[in-house]
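Beneath this line is the structure, given in structure tokens, with notes to follow.
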Ligand code: SF4
């Protein structure tokens, strides 16, 4: 993790981190951007979130938008119709159940429409500075298995295994470090092992084809 902390310095940050930083970790914007980000390119998530927040910046104002208007604003994020419905329903729940504020516990967050563990743990880490959660997405799941930190089949299983396998001081950083590494070096197909700071220690479990190194080796 120390090697990764140094290695990601200067690399492009994931979209949600950028939104979180630019909005001073505003829980509502982090929550909505994370909802939009599933299976969507970072640049698309960033552009869609920006368009949506220009029109509505609070749960109360966003809850009043028609679903069709939300669809129009967030298009072309993947599954934009479903996500628009979830965004509206989540905003309505925030207003009716939580006084118009994003709740600050994982247990409450997962009661919101469309909010699963991945979204909830990321909101806890980025917006509420939780030191007790690990957010596991496909990058974290893939890389921690390649590194041999865990041997798991599903992200939810990976989250629990990582709590056992890693030092708690790194939990809030695992998502940022591994997502950044996964987007730039340890990619889903053809990972660039020749450019990787972890290559000496990585057993590369499950890696059969390696991508071209930028160093040319
Ligand atoms: S050595 Fe290869 S498989 Fe291991 S973390 Fe680095 S890029 Fe991923």
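For the reader, a short list of remarks on this structure follows.
- Segment 188-213, residues that are closer than 15 Å to residue 7 by Cα, in contact with a helix residue (DSSP H, G or I) (Cβ under 6 Å, 6 or more places away or on another chain) and more than 7 Å from the ligand (Cβ to nearest atom): 197
- Screening 158, 105 for residues that are surrounded by fewer than 20 Cβ atoms within 10 Å (Cβ to Cβ) and either outside the structural domain of residue 39 (by TED's automatic domain parsing) or on the phi < 0 side of the Ramachandran plot (or both) leaves exactly one candidate, 105.
- Within segment 168-177, none of the residues are in contact with a helix residue (DSSP H, G or I) (Cβ under 6 Å, 6 or more places away or on another chain) and near the ligand (Cβ under 9 Å from one of its atoms).
- Options 34, 50, 45: the member that is surrounded by fewer than 19 Cβ atoms within 10 Å (Cβ to Cβ) and not assigned by TED's automatic domain parsing to the domain that holds residue 172: 50
The values are calculated or read from the model by the stated rules, or taken from the named source; none is laboratory data. Remember, it's a predicted structure, so these values are computed and weren't measured experimentally. Cβ coordinates were reconstructed from backbone atoms using ideal geometry, including for glycine residues, and neighbour counts include every protein chain displayed.
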